[in-house]
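Here's the structure we're looking at; comments come further down.
The values are calculated or read from the model by the stated rules, or taken from the named source; none is laboratory data. Since we're looking at a predicted model, the values are computed, not measured. We place every Cβ from the backbone using ideal geometry, glycine too, and count neighbours over all the protein chains shown.
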Amino acid sequence: MTGTPVLRVRNLHKSFAGIVAASNINVDVADGEVVGIIGANGAGKTVFVNMITGYLKPTSGSIEFSGREITGIRPRDATRIGVCRSFQISQVFMTMTVLENLLIAVSLAGKERKSLLAPLRSRERIRECEQVMERYKLTEHRDNVTRTLSQGVRKLLDIAMAVVSNPKLLLLDEPTSGVSSDEKFRLMDLVMNALKEQGTAVLFVEHDMEIVQRYVDRILAFYQGEIVCDAPPDVALKDPKVIEYVLGESHGPANDSESALGAGHA
Amino acid sequence: MIRSALSDATIRWTIAGFLVLALVGTLFPNWILNNTMFGLAYGLAVLGLLLLWRTGLVSFGHALYFGMGAYAVALLERYTGATDIVMRLGAAMTVAGGTGFVLGFVLRHYRGIFFAMLSMAFSMVLYGVLVKTEALGSTDGFSVSQTTILGWQPQSKYPLFLAIVGLCVIATTGVQLYLHSALGHLTTSVRDNEIRVEYLGYSVATAIHVKYVISAALAGVAGGVMAMALGQVDPDSMVNWTVSGELVFITIMAGPGSVVAPFIGAITFEFLRTFAFELAPHAWQLIVGGTLLGIIFFMPEGLWSLTRLISRKREKVR
């Protein structure tokens, strides 16, 4: 690993009433690194993301963010220190416009709590939102109510809201799920370029191997709550365990990476 | 602050509307003046419920705070002899807001029917205490003597009416400014998506708590106003669950569209009830209930939606 670890996870374990959802997870993520998390449904990917962002408390183990222990932290505290996330099903304010959604995100990202009593639509906040909308190609939807927008645009908004506070670590849970195949690369290009500019480390859960191969520096492959492979994509996608447990045996021999990459869902 | 308030069209229209009401009030006979004051008192309480409604919460127990405000006025007079409007309203707001702050720690964790009924349970505890305690006036309650305004004893009810109108302007302006602030916008945000609010770094529980305390304080002030306008406090007319029901009734009748709507709804309700009682003393509830049904069926956004209808028609004429 190069660079300072922004995330350090050690011996992380989570069980629900005796059923193990995550076991013995050890991961380091460097500043600005992009890590893909793959695995079949129920492999423990989202449980892992939920533990880092404070939605679930680990049964045991430790999570460090920039050298600070954050195990069991509350989601809002995780956000405040720079660990943000987007969701598999976009979590936006459906009855508000795109601008209003971003205005709320920008105002809550402000360090000055007393500024929350100032009018929401201040000139500075609107300018900041316009920059975000431009970066994420949301300007044309500025005054549209979110529930009228396509899934792809909502995903973009969801991610844009998560990054307005300039997080050091962003967790994306299936950023392209529900997005049409025409839109998915456009969406990911937009998002990953913007995040690269910000120098944000990214951990993203994804089923689409084309997306994974194209954007990540490293892959974490999950199977039954454990990491079975932690390697760069060209190595990980040829790994026999990844092929057997994640991609499926039907994808053929380990060296046939092209067929495996194009397989889509695990 | 004042410039910011006056740049808001709703606030300008609200001030103009209340100014007209204050002027027209000089022509009102006593019974209309009284009814309007009762309506304004209910309007203040409903303004607080509107904040909760916009957050996606309904309280069936705001008579707790309404009654606390009313009893604070009566007990302040009984034990200190204070009759000044500022002291009375200050006491009403402090007692109700303080209680709302304490109970808010429990209620902020509940949603939906649990939030609504837990509020009601607290209000019924107060009702029970009041009915059974002689020192608190039991079922008879207390009478409240005429309010003084900064040491001046008015000879008619109009100065009190004027003071209440002024109070409504302050409350409406305050709530409107709050709703336009980032913190105020969290009302809709919490209703729409609690998860996103938490993941933007703000506590949903705190957001709900703040709104709950504001609504409790407003209901307390409303109870204080009612005690001063009515000159009497007793458990049945101030704390009983039927009072909470009336407040929810007016909230639905008014609609959540504007901070002015609660006052229009409450004054309409007060006069509707008076005329219904005049018309059918033993079945007035039928008329009031039927009206609410009509509003729900034909104006789901409440009486306030009439203003949108009128402005749409105006645009068509142009």
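Any residue at all in segment B:148-158 that's part of a helix (DSSP H, G or I) and of a type in the set (Val, Ile, Thr)? For segment B:148-158, residues part of a helix (DSSP H, G or I) and of a type in the set (Val, Ile, Thr): absent. Considered as a group, the residues in segment A:222-259 that are modelled with pLDDT of 80 or more and over 21 Å from A:Thr46 (Cα atoms) include one that is surrounded by the most Cβ atoms within 10 Å (Cβ to Cβ), and that residue is A:Asp239.
Results for (1) closer than 23 Å to B:Ala41 by Cα; (2) modelled with pLDDT of 95 or more; (3) touching a strand residue (DSSP E or B) at 6+ places or on another chain (Cβ under 8 Å), shown as yes or no for each residue.
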{"residue": "B:Ala63", "(1), (2), (3)": "yes, yes, no"}
{"residue": "B:Ala70", "(1), (2), (3)": "yes, yes, yes"}
{"residue": "B:Ala92", "(1), (2), (3)": "yes, yes, no"}
{"residue": "B:Gly98", "(1), (2), (3)": "yes, yes, no"}
{"residue": "B:Ser123", "(1), (2), (3)": "yes, no, no"}
{"residue": "B:Asp140", "(1), (2), (3)": "yes, no, no"}
{"residue": "B:Gln155", "(1), (2), (3)": "yes, no, no"}
{"residue": "B:Tyr158", "(1), (2), (3)": "yes, yes, no"}
{"residue": "B:Ala171", "(1), (2), (3)": "yes, yes, no"}
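Filtering segment B:191-209 to residues that are among the hydroxyl-bearing types (Ser, Thr, Tyr), within 7 Å of another protein chain (Cβ to nearest Cβ) and part of a helix (DSSP H, G or I) leaves only B:Tyr199. For segment B:53-72, a residue qualifies if it is surrounded by 24 or more Cβ atoms within 10 Å (Cβ to Cβ), of a type in the set (A, V, I, L, M, F, W, C) and within 24 Å of B:Tyr110 (Cα to Cα), and the qualifying residues are B:Leu57, B:Ala63, B:Leu64, B:Phe66, B:Met68. For B:Ser7, the conditions (1) more than 14 Å from chain A (Cβ to nearest Cβ); (2) closer than 30 Å to B:Val197 by Cα; (3) free of Cβ contacts under 8 Å to residues at least 24 places away in the same chain; (4) not aliphatic (A, V, I, L, M) all hold with the exception of (1).
Those helices (runs of 4 or more DSSP H) of segment A:1-116 that lie entirely within it include none in which at least 3 residues are of a type in the set (Phe, Trp, Tyr) and either surrounded by fewer than 23 Cβ atoms within 10 Å (Cβ to Cβ) or away from chain B (no Cβ under 13 Å) (or both). Residues that are touching a Gly at 6+ places or on another chain (Cβ under 7 Å) and within 9 Å of chain A (Cβ to nearest Cβ) within segment B:141-185 comprise just one, B:Tyr178.
For the structure I just gave you, tell me whether B:Ala217 is in contact with a strand residue (DSSP E or B) (Cβ under 6 Å, 6 or more places away or on another chain), within 24 Å of B:Val129 (Cα to Cα) and assigned to a helix (DSSP H, G or I). Against the criterion (in contact with a strand residue (DSSP E or B) (Cβ under 6 Å, 6 or more places away or on another chain), within 24 Å of B:Val129 (Cα to Cα) and assigned to a helix (DSSP H, G or I)), B:Ala217 does not qualify. Counting just the residues of segment B:210-229 that are more than 14 Å from chain A (Cβ to nearest Cβ) and within 27 Å of A:Val92 (Cα to Cα), which one comes out nearest to the chain's Cα centre (by Cα)? Out of the qualifying residues, it is B:Ser215. Checked against the criterion of being touching a helix residue (DSSP H, G or I) at 6+ places or on another chain (Cβ under 7 Å) and modelled with pLDDT under 90, the candidates A:Leu157, A:Leu170, A:Leu187 yield just one match: A:Leu187. Listed by position, the helices (runs of 4 or more DSSP H) inside segment A:170-242 whose residues that are in contact with a Pro (Cβ under 8 Å, 6 or more places away or on another chain) number at least 1 are A:181-198, A:209-215.
Residue-level analysis places B:Thr188 among those that are surrounded by 17 or more Cβ atoms within 10 Å (Cβ to Cβ) and within 14 Å of chain A (Cβ to nearest Cβ).
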